[in-house]
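Trainee: My questions all concern the structure below.
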Amino acid sequence: MVLAFGDHRLDIARRELRRGGELVALPPQAFDLLVFLVQHRDRVISKDDLLRGVWDGRIVSDSAITTRINAVRRALGDDGTAQRLVRTFLGRGVRFVGDVTELPDQTASISDRSSIAVLPFENLSADADQEYFVDGMVEEIITALSRFRRLVVIARNSTFSYRGRPIDVRQIGRELGARYVLEGSVRKAGNRVRIAGQLINTATGAHIWTDRFDGTLGDVFDLQDRVASSVVGAIEPQLRLAEIDRASRKPTESLEAHDLYLRALAQEYKRTKEGSAEAVRLLKCALELDPGYIPAVALISGCRTLQRSRHWIPTSGPEVDEAISFARQAITAGADDPAILTSAGHTLAFLAGENDTALSALDRAIVLNPNFALASGLRALVLVYLNRPDEAILAAQRAIQLSPRDPLTFLFVQATAFAHLAAGRHEAEMPWADEALRLNGGLPALRFKLSFCGHLGRLDDAQQCLRRLRELHPDPTVSSVMRDVSRGVAPEIVAHMAEGLRKAGVPDG
């Protein structure tokens, strides 16, 4: 549904707010608040209504609600004085008072390209432990579909959030902005593999294609490509002419190494200390079988980057050196694989400060796969490191649009907060810092919030953040809080952030 008021267009399915033809940046929770107010514009919305409708019943402070309302007003060109669109009724609540028109359905799609969401496939194997193999199969199908430039493919992290949930495909289509949904199953028995799939139109619920594919582990890559080609052919027959040239570029000749890689990928997605350590162990086993297996090399560099950012490994030493070396190797050997380029590029930016090389790798990844949300999100971070905040905000918004339910959304939100800090737009940044804290209350989000509170003189809010910070750092200082900032961040940004921390009450040291 697209709702129009003034020169604004609110596209709920695509989670976009536009002013004229320009996309307006809005934190995810502030976007949800705007949608709730517009959809319930017939009445005054109380605080309890907001807590139920936007915060899922959680108790939040009045200041947090006010911050989100102010973010909505700024995005609409409104303010607390004029209250042209969002009006406060003292003691009662707020109401959206603009004139709203519901546009016809056909205007909801800004892009002429078809869009598809690939849901987690059902594991029909006798062995429940084969879940990792099924998930890996689905990820490969998503990657194959992404090579068709006229097809918008919703990111894996958003579609996998529906695992195990009995949700109607029409709802999935609305929430993800997908015209089609692909669902299916995988059965692995010994050396035999069967993939079954069905393609559903989310507008009507009609099945427009169903098929099954049988083969062996030896031609599993062929099977994945046949599924992708058949799906695209069913959506737009003219795309049958496009070929997915994967069979000639198999990631490894060793199926055992590939299996280890899929197991490692499942561990890496947990984003835990134990999971990342196990992923590295499995990947090194894969490299013993095939030393030239570049996806495994790149994933090790990505795991090491996560470990370093969470302080699970030392700030320097053999693990960090290994990550940087592997990232350089991966970029050289994996120049045609967007996932490899993205992982390796992020490592070089965060651990080595090689921002120009990283940006080049991420740009190449997006050329290869314009639908790759993580590449856009990490590109936003690198652009901030290079002190190019406005470009960074656009890249982060692109990532959120491509994967609106991504578990890594906090990275994209943090990149937006970081960009506003780099630009000195502290008022505009505060809701993004709050959103980052809500999604992932780690050190980076606290660091941003503290710095902004310091620059804005909000010392009461700063004290609340300091209490949370001391849970991570018993005796925090400016140097300890800043120690894991990427070495490649522009010095003027580092100095500005540190100044805000001091103003917020963080002692030097």
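The values are calculated or read from the model by the stated rules, or taken from the named source; none is laboratory data. Everything quoted here is computed from the prediction, not taken from an experiment. SASA here: full protein model, heavy atoms, side chains in, ligands and nucleic acids out. Shrake-Rupley method; radii C 1.70, N 1.55, O 1.52, S 1.80 Å.
Trainee: For Glu122, what residues show an amide H to amide H distance below 5 Å, using hydrogens built from the backbone and excluding near sequence neighbours?
Mentor: Gly184, Ser185, Val186
Trainee: Could you please state how large a percent of the accessible area of the stretch 265-410 is carbon and sulfur, counting protein chains only and using a 1.4 Å probe? Let's see the in-between values first.
Mentor: On the way: 2900 of 5360 Å².
Ligands and nucleic acids excluded, carbon and sulfur reach 54 percent.
Trainee: With θ set to phi - 60° and the Karplus curve 6.51 cos²θ - 1.76 cosθ + 1.60, what are the ³J(HN,Hα) couplings of the stretch 208-218 in order, to the nearest whole Hz, using x for Gly and Pro?
Mentor: Going residue by residue, I get 10, 6, 8, 6, 9, 9, 10, x, 10, 4, x Hz, with x marking Gly and Pro.
Trainee: As a test of the formula, what do you get for the chain when each DSSP H run with n ≥ 4 contributes -39,500 (n - 2.57) and the sum is divided by the residue count, at 222 nm and rounded to the nearest 500 deg cm²/dmol?
Mentor: Values: 21 runs with 271 residues, N = 509.
Only helices count here, giving -17000 deg cm²/dmol.
Trainee: Of Lys188/Lys273; Lys273/Lys449; Lys188/Lys270; Lys188/Lys284, which ones are farther than 27 Å apart at the Cα?
Mentor: Details: Lys188/Lys273 30 Å; Lys273/Lys449 25 Å; Lys188/Lys270 24 Å; Lys188/Lys284 25 Å.
Over 27 Å Cα-Cα: Lys188/Lys273.
Trainee: Need the C-alpha centroid separation for the stretch 161-201 versus the stretch 7-68, integer Å.
Mentor: If we compute the Cα centre of each part, the gap is 30 Å.
Trainee: For the chain, report the translational diffusion coefficient in µm²/s to the nearest whole number, using Stokes-Einstein at 10 °C, 1.306 mPa s, and a Kirkwood Rh over Cα pairs.
Mentor: Numbers: Rh = 24.2 Å.
Once the numbers are plugged in, D ends up at 66 µm²/s.
Trainee: Take the alpha carbon atoms of the stretch 409-468, find their radius of gyration, then divide it by 2.2 N^0.38 Å using N residues; give the quotient.
Mentor: Dividing the Cα Rg of the stretch 409-468 by 2.2 N^0.38 Å gives 0.97.
Trainee: Next up: With N residues in the stretch 334-428, what two-decimal value do you get for its Cα radius of gyration over 2.2 N^0.38 Å?
Mentor: Normalised Cα radius of gyration, the stretch 334-428: 0.99.
Trainee: Taking the solvent-accessible surface of protein heavy atoms with a 1.4 Å probe, what is the per residue accessible area of the chain in Å²?
Mentor: Here the per-residue accessible area is 42 Å².
Trainee: Rounded to whole Hz and in sequence order, give me ³J(HN,Hα) for the stretch 328-340 from the Karplus expression 6.51 cos²θ - 1.76 cosθ + 1.60, θ = phi - 60°, writing x for Gly and Pro.
Mentor: 4, 5, 5, 5, 5, 8, x, 5, 10, 10, x, 5, 5
Trainee: Tell me, what is the Rg over Rh of the stretch 126-203, with Rh the Kirkwood radius over Cα pairs? If you can, show how the numbers build up before the last one.
Mentor: Working: Rg = 13.5 Å, Rh = 13.8 Å.
We get a ratio of 0.98 for the stretch 126-203.
Trainee: With every atom except the alpha carbons ignored, what do you get for Rg and Dmax of the stretch 43-185, in angstroms?
Mentor: In Å, with Rg to one decimal and Dmax whole: 20.9, 64.
Trainee: Further question: If you bin the C-alpha pair distances of the stretch 415-509 every 5 Å from 0, what whole percents do you get?
Mentor: Cα pair-distance distribution for the stretch 415-509, in percent: 2, 15, 29, 29, 19, 5, 0.
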